[in-house]
Amino acid sequence: MTTIAESVTPMTEPADVETLRRDDAAWDAFVTASPLGFHTQLSPWARVKAANDWSAVRVMADGGSGPIGAQVLVRRVGPGPFALGYAPRGPVATTWDEASMAAFGAALRRTAKQLRLTHVTVDPPLEVVAARALFTGAGWRPADDVQPKRTREVPLGRPEELWGELRSKWRQYIQKARRSGVVITDGDRDDLETFYEIFVGTARRTGFIPRTLDSYREVWDAFQPSGAAQLLFARLPGGEPVATLFLLRCGRRVVEPYGGMTPSGAESRANYLLKWEAIRRAAEDGAAVYDMWGLAHAGIEQFKTGFGGREANYIGAFDLVTLPLLRDGIVHGRRLYVRLARRRYASREAAASVPTDGA
């Protein structure tokens with residue numbers, strides 16, 4: 001039997017499979033106790049995605065070495081009876097072995113048949129190359145990536161040790177921002193509009209497509225009541241916000257899925273101070289890992305690498321396919337939709353940047 005050693009047993013004894021399937025609190029405890037648990041597998045994330053017409057179902061199994069399962073988001077495809085499933089950063093396993101994968105696959109196929117799912121996509125945060133064999137050997141097919149496949153993780157120790165892990169130039173930039181009077185402040189829900197303005201400006205310069213402001217409000221409302229959401233700003237001496245990070249926490253992992261800066265934030269090096277303070281505070285709050293959530297391009301990769309840590313390379317996404325022809329049509333359609341959406345966004349932003357006679 002093949003077992004993937006990097007996936008260790010969660011820190012607490014999990015509940016039984018049926019309890020994990022039906023009880024949000026038990027499931028969330030299972031996810032947060034796992035060293036590979038992510039916020040996208042927590043029940044608040046299902047509430048976030050419900051605003052975008054996704055429903056959620058939990059699929060659980062036990063192959064003999066403890067529970068394995070996933071929160072699967074489900075969305076209808078067109079006006080017909082069919083739907084697709086997606087378990088972001090799932091499944092979550094007590095132990096990764098062939099028996100667990102077989103049990104989970106069987107349970108997932110039953111659910112797919114009941115819900116008429118064409119396929120279910122997963123992208124587990126596993127790095128060991130041998131883990132790919134657990135999926136392909138159980139009948140899964142490699143799929144297009146949805147979440148970042150590469151990211152930067154900083155193992156969190158004492159702040160003075162973390163400071164020593166920074167590149168010397170990064171320490172200089174942080175000290176420069178401090179000397180110039182840049183300060184880091186916490187934000188709340190009322191500050192999400194300010195966050196969004198900076199975030200959208202960053203999207204325009206770097207080429208990614210932001211969601212609507214209400215989408216980020218949904219995330220805040222779902223995670224903040226439990227203290228799992230945090231909004232940080234770097235402000236110039238006059239109070240102007242020039243950089244921001246929207247952080248989410250799952251167990252001992254802090255993730256920075258959203259962030260941005262203004263040109264003034266780059267010039268003042270406020271973004272360096274902001275990132276450092278986010279890492280330092282996460283360590284002080286008892287987190288074990290600070291996850292920078294992706295290395296989108298060379299510039300971002302260089303910036304994040306200067307804060308130390310390690311590069312994590314996940315094995316990628318896989319599809320459990322139940323209706324092959326429909327699945328292939330949906331995948332090709334999605335690829336075309338993404339290309340067209342990016343072109344439309346780029347054209348719209350280019351047009352908006354052209355001054356009119358009255359500008």
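A few comments on the model shown:
- Whenever a residue of the range 302-319 is more than 27 Å from Tyr86 (Cβ to Cβ), its partners that are open to solvent by less than 10 Å² (accessible area, probe 1.4 Å) and in a strand (DSSP E or B), lying with C-beta atoms within less than 6 angstrom and at least six residues away or across chains, give the pairs Gly308/Val154; Gly309/Val154.
- In the range 191-208, the condition of being out of contact with any Pro (no Cβ under 7 Å at 6 or more places or on another chain), buried (at least 16 other Cβ atoms within 10 Å of the Cβ) and not in a helix (DSSP H, G or I) is met by no residue.
- Of the residues making up the range 157-176, just one is assigned to a loop (DSSP other than H, G, I, E, B), open to solvent by 50 Å² or more (accessible area, probe 1.4 Å) and closer than 20 Å to Arg252 by Cα, namely Arg158.
- The range 177-194 - residue that is touching a helix residue (DSSP H, G or I) at 6+ places or on another chain (Cβ under 8 Å) and touching a residue at least 60 places away in the same chain (Cβ under 8 Å) and, of those, nearest to Thr212 (Cα to Cα): Ile184
- Residue match in the range 276-290 (condition: in a loop (DSSP other than H, G, I, E, B), open to solvent by 10 Å² or more (accessible area, probe 1.4 Å) and in contact with a His (Cβ under 8 Å, 6 or more places away or on another chain)): no
- Selected residue [in contact with a helix residue (DSSP H, G or I) (Cβ under 6 Å, 6 or more places away or on another chain) and assigned to a helix (DSSP H, G or I)] from Val219, Val254: Val219
- For the range 125-146, the set of residues classified as within 30 Å of Phe307 (Cα to Cα), part of a loop (DSSP other than H, G, I, E, B) and open to solvent by less than 40 Å² (accessible area, probe 1.4 Å) consists of Pro125, Leu126, listed by residue number.
- Condition met for Arg310 (open to solvent by 50 Å² or more (accessible area, probe 1.4 Å), touching an Asp or Glu at 6+ places or on another chain (Cβ under 9 Å) and not hydrophobic (A, V, I, L, M, F, W, C)): yes
- Qualifying residue in the range 63-72 (condition: open to solvent by 10 Å² or more (accessible area, probe 1.4 Å), of a type in the set (Ser, Thr, Tyr) and in a loop (DSSP other than H, G, I, E, B)): yes
- Filtered residue count, the range 290-341, keeping only those that are polar (S, T, N, Q), out of contact with any helix residue (DSSP H, G or I) (no Cβ under 7 Å at 6 or more places or on another chain) and over 18 Å from Gly259 (Cβ atoms): 1
- For Ala103: the one exception among (1) modelled with pLDDT of 95 or more; (2) outside any strand (DSSP E or B); (3) open to solvent by 30 Å² or more (accessible area, probe 1.4 Å); (4) not acidic (Asp, Glu): (3)
The values are calculated or read from the model by the stated rules, or taken from the named source; none is laboratory data. Since the model is a prediction, treat every value here as computed from it, not as a measurement. Counting neighbours? That spans all protein chains shown, and the Cβs are built from the backbone with ideal geometry, glycine included. Just so you know, the surface numbers come from the protein's heavy atoms only, side chains and all, with ligands and any DNA or RNA stripped out. Shrake-Rupley method; radii C 1.70, N 1.55, O 1.52, S 1.80 Å.
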